Amino acid sequence: MKRGTIQDHLIHSAELNEDISFMVYVPADFSPMLSYTFLICQDGKDYFQLGRLPRTADELLGSEDIEPLIIVGIPYENKHDRREKYHPDGAKQAAYIRFLANELVPYLDEQFPGHGDRFGRALAGDSLAGTVSLMAALKHSDLFGRVIMHSPFVDSTVMSLAEAADALPSLYHVIGTEETDVLMTNGERADFLTPSRALHSLLAGKTKDYFYEEFSGTHTWTYWQPDVKRALLKMFE
């Protein structure tokens with residue numbers, strides 16, 4: 001099996017007033033003559049390492065089961081940085097979403113041959129990373145046309161944004177049936193399952209381009225990692 005390469009990139013974000021480093025997976029058979037879909041992963045290091053995303057992409061691209069894909073993994077510095085940038089009430093969340101839309105997208109379009117339309121850009125994330133991915137796609141529906149969410153955090157802010165949205169992305173949404181008492185990074189515990197079901201009911205009434213499933217398990221990569229392959233197949237086949 002041919003292996004893709006992982007590049008290290010660094011850009012300065014004026015929106016966040018900091019340098020942002022991230023990884024870019026480039027397929028083994030990359031050609032500048034092709035156009036690629038960009039999959040931008042929040043919790044990027046976790047998706048690359050715990051989720052084994054590059055290895056899964058190698059397999060599916062090698063067998064031509066998914067469309068040509070370039071994968072971007074944006075890591076977080078620590079749990080506090082993650083919460084500030086990903087949580088709906090996070091002090092830096094609005095700026096982080098502006099970074100994705102106003103700085104990262106133009107950078108990727110300049111560096112790699114993309115499609116240049118919303119369905120050529122997908123966002124992915126687990127837990128709070130899934131939350132910010134959905135919110136970014138709802139706020140910038142002209143830029144992001146697909147979203148993968150593994151057990152997202154959902155609150156009234158997310159529900160209100162989804163309810164008001166006119167253009168929805170193509171959605172992939174899974175949640176564990178045992179995610180009723182999840183320990184969060186701020187030390188509090190929360191029920192992730194019930195709000196996810198409410199979000200599903202809302203979104204299912206607005207779009208048919210939506211895959212939703214509940215798996216038997218908890219809020220960990222033990223259950224998300226085996227699901228990564230199906231997520232890629234569902235969204236990029």
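Quick check on my filter: what residues within segment 115-135 are crowded, with 24+ Cβ neighbours inside 10 Å, in contact with a strand residue (DSSP E or B) (Cβ under 6 Å, 6 or more places away or on another chain) and of a type in the set (G, A, S)?
A122, A124, G125, A129, G130, S133
Can you find, within segment 8-22, the residue that is nearest to E77 (Cα to Cα) among those that are open to solvent by 30 Å² or more (accessible area, probe 1.4 Å) and assigned to a loop (DSSP other than H, G, I, E, B)?
N17
For residues in segment 7-26 being among the β-branched types (V, I, T) and closer than 30 Å to G90 by Cα, which is nearest to the chain's Cα centre (by Cα)? Outline the logic, then answer.
Filtering segment 7-26 for residues among the β-branched types (V, I, T) gives 11, 20, 24, 26.
If we keep only those that are closer than 30 Å to G90 by Cα as well, we get 11, 20, 24.
On the way: I11: 19, I20: 17, V24: 14 Å.
Only one residue fits best here, namely V24.
Considering only residues of segment 32-46 that are out of contact with any strand residue (DSSP E or B) (no Cβ under 6 Å at 6 or more places or on another chain) and in a loop (DSSP other than H, G, I, E, B), which is nearest to H150 (Cα to Cα)?
Among those that are out of contact with any strand residue (DSSP E or B) (no Cβ under 6 Å at 6 or more places or on another chain) and in a loop (DSSP other than H, G, I, E, B), it is S35.
If I filter segment 136-144 for residues that are open to solvent by 40 Å² or more (accessible area, probe 1.4 Å) and in contact with a strand residue (DSSP E or B) (Cβ under 7 Å, 6 or more places away or on another chain), do I get at least one hit?
Kept after step one, since they are open to solvent by 40 Å² or more (accessible area, probe 1.4 Å), are these residues of segment 136-144: 139-140, 142.
Subset that is in contact with a strand residue (DSSP E or B) (Cβ under 7 Å, 6 or more places away or on another chain): none.
No; the residues of segment 136-144 include none that is open to solvent by 40 Å² or more (accessible area, probe 1.4 Å) and in contact with a strand residue (DSSP E or B) (Cβ under 7 Å, 6 or more places away or on another chain).
Within segment 27-61, how many residues are open to solvent by 10 Å² or more (accessible area, probe 1.4 Å) and either among the aliphatic types (A, V, I, L, M) or under 30 Å from A94 (Cβ atoms) (or both)?
Number of matching residues: 9.
Please count how many residues of segment 165-183 are surrounded by fewer than 18 Cβ atoms within 10 Å (Cβ to Cβ), over 13 Å from A137 (Cα atoms) and touching a residue at least 12 places away in the same chain (Cβ under 8 Å). Before the answer, list the steps.
As a first pass, look at segment 165-183 and keep what is surrounded by fewer than 18 Cβ atoms within 10 Å (Cβ to Cβ): 166-167, 177-178, 180-181, 183.
Next, only the ones that are over 13 Å from A137 (Cα atoms) stay: 177-178, 180-181, 183.
Among the residues that remain, those that are also touching a residue at least 12 places away in the same chain (Cβ under 8 Å) are: 177-178, 180.
Residues that pass the stated criteria total 3.
Does I71 satisfy the criteria of being of a type in the set (A, V, I, L, M, F, W, C) and free of Cβ contacts under 8 Å to residues at least 60 places away in the same chain? Write out each step before concluding.
Details: of a type in the set (A, V, I, L, M, F, W, C): yes; free of Cβ contacts under 8 Å to residues at least 60 places away in the same chain: yes.
Yes; evaluated as a whole, the condition is true for this residue.
The values are calculated or read from the model by the stated rules, or taken from the named source; none is laboratory data. Source: prediction; values computed, not measured. Heads up, the Cβs are rebuilt from the backbone with ideal geometry, glycines too, and the neighbour counts pull from every protein chain shown. Protein only, heavy atoms only, side chains kept; ligands, DNA and RNA dropped before computing areas. Shrake-Rupley method; radii C 1.70, N 1.55, O 1.52, S 1.80 Å.
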